[in-house]
Amino acid sequence: MRPASLSALAAFLVVISMTTSPSATADPTPPVQVDGTTKPIGPGTTLSTFTRVDPNGWLSGTVLTADLSDPRLTVGLLTPPHVGQVQTVTTMATAQHAFAGVNGDFFDINNTGAPRGIEVSNGQLLKGPWTDPTPWRPSVGVDADDIGRIVNAYLDGKVTLPSGQLPLDGLNQEQAPPNGLAVFTPAWGTASRAFYNVTRVHEVAVVNGVVAAHDPGPIPDNGFVLAGTGSDADLLAGLHIGDPVSVTYGPRTEPANTFKTLIGVRDVAIRDGQVQTLTDTAVNPETAIGFSQDGKKMQLVVIDGRTPASRGVTEQQLAEIMQQRGAYNAVIIDGGGSSTLVSRDAGTPDVWQRNVPSDGVEREVGNGIGLFAAPGSGRLTGIDLNTGDKVFTGLHRQLKATGYDEEYGPADLGTPHWFGADRNGLVTGRQPGTAQVAVAAKGISRQGKIQVLPALSRITATPKVVSLLAGQTARVQVTGYGAIGESAAIDPVDMKLDYDHSLVGIAPNPDGTLALTPNTTQGTGVVTVRVGDHVSEFGVTVGLKSEPVTGFDDVTGWKFSSARGSGAIAGAPGQTGNALRLNFDFTKSVEIRTAVATAPTPIPVDGTARQFQLAVNGDGKGEWLAALITDASGANSSVYGEHVTWNGWQRTTFTVPTTVKEPITVRGVEAIEATRAQYSGQLDFDDLTAGVALPVAVPPDQPVLDPLVREQSTSDGGVAVLSAVTDKALAQAVASHPKFLVVDGTAPDTKAKVDAAVRGRFPVYYSPGRDYGPDWTSTFGPDHQTFVRDGIRYVLLNSATGALRSSDYAQLADLKDQLTGRVVVVTYGISDPNERRMLDHWLPHDAEVIEATGPTGVERDDGLPWIHVPASDIGWTTVTDQVEFRPVLDGITITADPDKITATSASGLPLRYPMSVTWTGSRGVRIGDTRCGWGDILAFDPSTGDYERCRSGSVELTITANHTSQTIKL
């Protein structure tokens with residue numbers, strides 16, 4: 001359910017043997033497929049992922065494609081142990097030995113957990129569909145001939161009483177008509193049998209075909225409970241103990257058919273090749289099921305949503321996606337936080353969630369659709385080889401081989417033989433390039449390759465601080481970087497760790513990360529990681545300290561709001577001083593209701609918050625509590641706590657998910673009623689505190705000086721780049737005699753200034769900035785363009801809004817095809833992380849990206865340089881074989897402290913890396929590092945400003961930038 005207040009075989013979208021709908025039409029703004037993967041995971045079944053972008057934003061999807069004609073494959077219903085119960089898809093699939101599955105029907109969330117629609121499992125009817133107030137007829141399943149079909153489903157049943165035969169209106173469902181009969185079998189479980197929107201009910205227990213009790217408790221194991229509503233309640237009340245009662249039932253479908261598996265659905269998206277009109281315009285994560293025209297190919301599709309990486313879809317958009325994927329018939333089932341897809345990998349027994357849940361964790365749901373394989377022989381028929389992709393020269397990578405049988409289930413490899421690795425599958429990076437590796441076992445082999453990077457330059461451990469509580473574990477990744485930023489995970493075999501073993505235990509995970517487990521209840525420390533001569537450190541804290549957030553002493557300015565309720569805020573006596581009183585009326589609806597108290601301004605939390613504690617004067621009515629927070633990225637979310645089952649004052653705890661970006665602020669507190677209970681209530685809140693991680697000081701990693709930046713010399717020529725235009729920067733750029741000039745970001749008067757300064761001596765190209773508007777192209781020319789100079793392809797892109805998609809979507813259509821050969825991309829500034837990843841993925845390894853936003857310098861994404869040029873009031877940029885960030889100067893000041901020598905412009909700009917300046921010295925001055933050599937009087941590192949007096953004597957240091965110099969005598 002999606003309650004409003006709760007939160008490599010192919011490279012692109014894969015359509016496998018699906019018939020394209022005859023009604024498919026060309027999309028005037030077709031999506032751009034960014035990347036994707038496909039791999040087999042079971043008989044007749046592949047797992048695919050895709051990422052795409054369209055004018056509305058980014059979408060990520062996960063797809064199971066199954067060949068229903070494969071006799072080794074079975075489609076079945078995933079269910080908890082009882083109908084009135086919820087479990088995660090992972091739990092259900094694991095318990096029933098499915099190798100993959102997705103969530104299923106809408107369900108009675110936060111109440112009985114029962115699905116709304118019909119349930120048929122292994123040909124047996126488990127429950128009937130809703131009939132009132134909204135019939136839940138549309139259903140999807142696989143029939144006795146293993147054909148996927150969409151039908152309308154009904155409960156076909158009879159109740160025989162001493163007075164005669166009556167229709168059966170419900171089976172194991174929380175809904176019944178106002179006047180009708182419903183039966184609960186032991187399959188229902190112990191969930192409430194109170195009907196939705198029905199108050200007049202009478203029940204009888206039937207055992208061995210006769211009435212055994214009126215108003216019974218639990219459902220008898222050897223019988224059932226028959227419930228009557230309205231007038232039929234009176235009918236059952238008139239029965240006597242010992243009266244004969246019988247019930248018969250089964251499923252009925254239109255068109256008529258016999259199903260092995262059948263579940264209810266929310267909406268039909270495509271029927272007989274025609275996309276249906278769907279009116280729900282909410283954008284959500286969604287789950288859909290589609291079939292080919294012959295019903296023999298099935299797709300289970302989950303679209304992620306409510307995340308920066310994937311916005312979600314409307315139902316109409318999902319229907320169109322399913323049609324694009326070739327579905328001839330398709331349905332939409334439950335979505336929102338319920339959308340879940342799980343699967344195993346070939347050769348592994350366990351399933352795990354493949355999509356990104358919008359709730360942050362996998363939600364418990366009412367049912368699902370599972371894929372099942374026939375029992376395998378266990379004989380080896382294939383090997384999955386994981387190489388880890390990259391390793392540094394001189395370091396190691398542990399290869400992993402997993403065997404699978406003819407059903408893609410686990411198969412023993414025995415003792416495998418490795419090629420290109422030692423006898424245990426450990427690869428040593430010998431020299432940069434591509435290394436071929438292979439594994440063979442029992443006559444089966446698998447080849448692979450691994451990229452060997454140049455020598456390691458530095459390492460870093462992430463996160464830099466790990467906060468642990470008793471019983472928790474955490475994960476740390478140690479990553480290595482080469483001289484130009486190429487990255488690869490460091491294998492634990494190459495690490496040496498130095499840490500306090502009484503504080504924490506550290507062991508390698510199978511994926512090469514480090515697993516941390518606390519050995520004490522409270523403490524802090526620093527872990528030192530060494531890989532050869534390279535060092536990185538990270539902090540560890542165990543336990544929390546309490547920090548006050550608010551005492552609610554003054555409730556002035558706090559505001560009340562509600563969904564489907566009403567109420568007010570007032571001051572009240574608290575445990576210590578005053579409290580905030582939340583009065584509310586939840587009697588007007590049975591849908592989810594909330595009562596919210598919002599602070600006048602967000603309340604900051606000092607430190608890394610792991611939990612909150614709040615004193616609550618409870619009324620015992622079961623409200624669900626939540627704290628409303630905003631994280632460091634500006635995202636709003638809720639941190640959920642307990643249900644108020646107590647009366648009087650009690651402290652309650654809210655656990656903050658580790659995925660929340662710290663620091664956070666508190667926006668308010670909330671009471672939620674998610675069941676159908678109706679009441680008025682009153683809660684008092686006092687003394688909100690945060691349990692924050694203990695502080696720990698972690699030495700920073702050494703600063704990164706990118707070799708692409710030229711520090712100690714300057715040269716004219718090349719390509720000049722200006723971020724907007726000032727007179728000084730423009731004059732200096734023109735005087736450098738560039739091959740051409742790029743103005744990255746423009747103002748209305750820019751072109752006139754540039755034309756007057758350049759006077760046609762070299763080409764000038766413009767890239768739109770924040771001033772981009774409808775008249776821009778008439779003044780400056782194309783807002784995106786490609787040209788070639790000296791064998792280099794320059795691609796100028798429009799990112800005026802911070803994203804290529806929203807600036808000019810048309811430029812994405814053929815962008816990937818343009819990014820070939822030696823490429824330099826120039827753009828104003830891409831702030832969308834998805835687009836950065838897209839360019840990182842598409843660009844050749846020797847490409848460069850130049851943009852006018854971000855701190856001046858070079859940033860690397862796995863070796864790809866993003867060159868951030870300075871604003872024109874600070875400087876300008878020359879790009880040749882290296883990058884020079886040239887400062888605009890009106891004077892230089894040099895300062896010599898006891899351990900540092902620094903230089904700044906008259907306006908205060910530090911003249912050090914990454915700004916390109918030249919330091920020279922008189923005789924006896926060593927420039928480059930602080931290691932004294934023979935005859936040196938002073939050794940100076942211009943990158944850091946550090947210097948060392950080697951012996952007595954007088955020397956001079958001179959700094960030059962843009963033909964401006966200053967000298968200091970020491």
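The values are calculated or read from the model by the stated rules, or taken from the named source; none is laboratory data. Values in this document were obtained by computation on a predicted structure and should not be read as measured data. Backbone-built Cβ (ideal geometry, glycine too); neighbour counts: all protein chains shown. For the accessible areas, the whole protein counts, side chains as well, though only heavy atoms, and no ligand, DNA or RNA atoms are used. Shrake-Rupley method; radii C 1.70, N 1.55, O 1.52, S 1.80 Å.
Here's a check for you: in the stretch 280-306, which residue that is open to solvent by less than 10 Å² (accessible area, probe 1.4 Å) and among the β-branched types (Val, Ile, Thr) is nearest to Ile333 (Cα to Cα)?
Out of the qualifying residues, it is Thr287.
Quickly run through the stretch 251-279 and pick out the residues that are buried (at least 19 other Cβ atoms within 10 Å of the Cβ) and either assigned to a loop (DSSP other than H, G, I, E, B) or small (Gly, Ala, Ser) (or both).
Gly264, Val265, Arg266, Ala269
Scanning for something under 30 Å from Asn583 (Cα atoms) and modelled with pLDDT of 95 or more, does the stretch 690-697 turn up at least one residue?
yes
Output the residue which, of all residues in the stretch 567-586 that are at pLDDT 95 or above and surrounded by fewer than 16 Cβ atoms within 10 Å (Cβ to Cβ), is farthest from Tyr640 (Cα to Cα).
Pro573
Among the residues of the stretch 708-718, are any modelled with pLDDT under 95, in a strand (DSSP E or B) and touching a Pro at 6+ places or on another chain (Cβ under 9 Å)?
The answer is yes, given that some residue of the stretch 708-718 is modelled with pLDDT under 95, in a strand (DSSP E or B) and touching a Pro at 6+ places or on another chain (Cβ under 9 Å).
Quick check on my filter: what residues within the stretch 154-192 are open to solvent by less than 40 Å² (accessible area, probe 1.4 Å), closer than 21 Å to Pro80 by Cα and assigned to a loop (DSSP other than H, G, I, E, B)?
Asn172, Gln173, Glu174, Gln175, Thr185, Gly189, Ala191
Looking only at the stretch 522-540, decide whether some residue is outside any strand (DSSP E or B), of a type in the set (Ser, Thr, Tyr), at pLDDT 95 or above and in contact with a Gly (Cβ under 9 Å, 6 or more places away or on another chain).
Scanning the stretch 522-540 turns up no residue that is outside any strand (DSSP E or B), of a type in the set (Ser, Thr, Tyr), at pLDDT 95 or above and in contact with a Gly (Cβ under 9 Å, 6 or more places away or on another chain).
Residue-wise test of (1) open to solvent by less than 50 Å² (accessible area, probe 1.4 Å); (2) within 27 Å of the chain's Cα centre (by Cα); (3) aliphatic (A, V, I, L, M).
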residue	(1), (2), (3)
Thr779	no, no, no
Ser807	yes, yes, no
Lys816	no, yes, no
Leu819	yes, no, yes
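Assess whether Pro914 counts as being under 25 Å from Ala720 (Cα atoms) and either in contact with a Pro (Cβ under 9 Å, 6 or more places away or on another chain) or of a type outside the set (A, V, I, L, M) (or both).
Spelling it out, Pro914 is indeed under 25 Å from Ala720 (Cα atoms) and either in contact with a Pro (Cβ under 9 Å, 6 or more places away or on another chain) or of a type outside the set (A, V, I, L, M) (or both).
Tell me yes or no: at least one residue of the stretch 866-881 is surrounded by 16 or more Cβ atoms within 10 Å (Cβ to Cβ) and more than 24 Å from Thr726 (Cα to Cα).
Within the stretch 866-881 (the criterion being surrounded by 16 or more Cβ atoms within 10 Å (Cβ to Cβ) and more than 24 Å from Thr726 (Cα to Cα)), the answer is no, since none of the residues qualifies.
Before we move on, is Arg475 over 32 Å from the mean Cα position of the chain (by Cα) and open to solvent by 60 Å² or more (accessible area, probe 1.4 Å)?
No; evaluated as a whole, the condition is false for this residue.
List pairs: first in the stretch 808-830 and among the β-branched types (Val, Ile, Thr), second part of a helix (DSSP H, G or I), Cβ under 8 Å, 6+ apart or cross-chain?
Val825/Leu839; Thr827/Leu804; Ile830/Leu804; Ile830/Arg836; Ile830/Leu839
For the stretch 320-340, does any single residue satisfy the condition of being surrounded by 19 or more Cβ atoms within 10 Å (Cβ to Cβ), modelled with pLDDT of 95 or more and closer than 30 Å to Leu453 by Cα?
For the stretch 320-340, residues surrounded by 19 or more Cβ atoms within 10 Å (Cβ to Cβ), modelled with pLDDT of 95 or more and closer than 30 Å to Leu453 by Cα: absent.
How many residues does the stretch 895-930 contain that are of a type in the set (Val, Ile, Thr) and part of a loop (DSSP other than H, G, I, E, B)?
Total satisfying the criteria: 2.
Listed here are the residues, each with its yes/no results for (1) closer than 26 Å to Gly326 by Cβ; (2) not hydroxyl-bearing (Ser, Thr, Tyr).
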{"residue": "Ser48", "(1), (2)": "yes, no"}
{"residue": "Ser60", "(1), (2)": "yes, no"}
{"residue": "Leu64", "(1), (2)": "yes, yes"}
{"residue": "Asp67", "(1), (2)": "yes, yes"}
{"residue": "Phe99", "(1), (2)": "yes, yes"}
{"residue": "Gly113", "(1), (2)": "no, yes"}
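Pick from the stretch 628-641 the residues that are out of contact with any Gly (no Cβ under 7 Å at 6 or more places or on another chain) and aliphatic (A, V, I, L, M): which of them is modelled with the highest pLDDT?
Once the filter is applied, the top-ranked residue is Ile629.
How many residues are assigned to a loop (DSSP other than H, G, I, E, B), open to solvent by less than 40 Å² (accessible area, probe 1.4 Å) and over 21 Å from Trp876 (Cα atoms) when one looks only at the stretch 931-949?
Total satisfying the criteria: 6.
Among the residues of the stretch 335-365, count how many are under 16 Å from Gln96 (Cβ atoms) and more than 24 Å from the chain's Cα centre (by Cα).
Count: 1.
Here is a yes/no grid of residues against (1) under 20 Å from Arg886 (Cα atoms); (2) out of contact with any strand residue (DSSP E or B) (no Cβ under 8 Å at 6 or more places or on another chain); (3) of a type outside the set (A, V, I, L, M):
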site	(1), (2), (3)
Ala690	no, no, no
Pro703	no, yes, yes
Val719	yes, no, no
Pro738	yes, no, yes
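Return the residues of the stretch 631-658 that are more than 28 Å from the chain's Cα centre (by Cα) and either within 23 Å of Thr675 (Cβ to Cβ) or open to solvent by less than 40 Å² (accessible area, probe 1.4 Å) (or both); say none if nothing qualifies.
His643, Val644, Thr645, Trp646, Asn647, Gly648, Gln650, Thr652
From the list Leu614, Leu683, Leu705, Leu628, pick out the single residue that is of a type in the set (A, V, I, L, M) and open to solvent by 40 Å² or more (accessible area, probe 1.4 Å).
After ruling out the rest, the residue left standing is Leu705.
With the condition being touching a helix residue (DSSP H, G or I) at 6+ places or on another chain (Cβ under 9 Å), I'd like the strands (runs of 3 or more DSSP E) fully within the stretch 843-884 carrying at least 3 qualifying residues.
The strands (runs of 3 or more DSSP E) meeting that bar are 875-879.
Before we move on, is Val86 surrounded by 19 or more Cβ atoms within 10 Å (Cβ to Cβ) and under 18 Å from Pro357 (Cα atoms)?
Yes: the conditions hold for Val86.
Which of the residues belonging to the stretch 600-649 are hydrophobic (A, V, I, L, M, F, W, C), over 16 Å from Pro663 (Cβ atoms) and not in a loop (DSSP other than H, G, I, E, B)?
Once the filter is applied, which keeps residues that are hydrophobic (A, V, I, L, M, F, W, C), over 16 Å from Pro663 (Cβ atoms) and not in a loop (DSSP other than H, G, I, E, B), the stretch 600-649 yields Leu614, Ala615, Val616, Trp624, Leu625, Ala626, Trp649.
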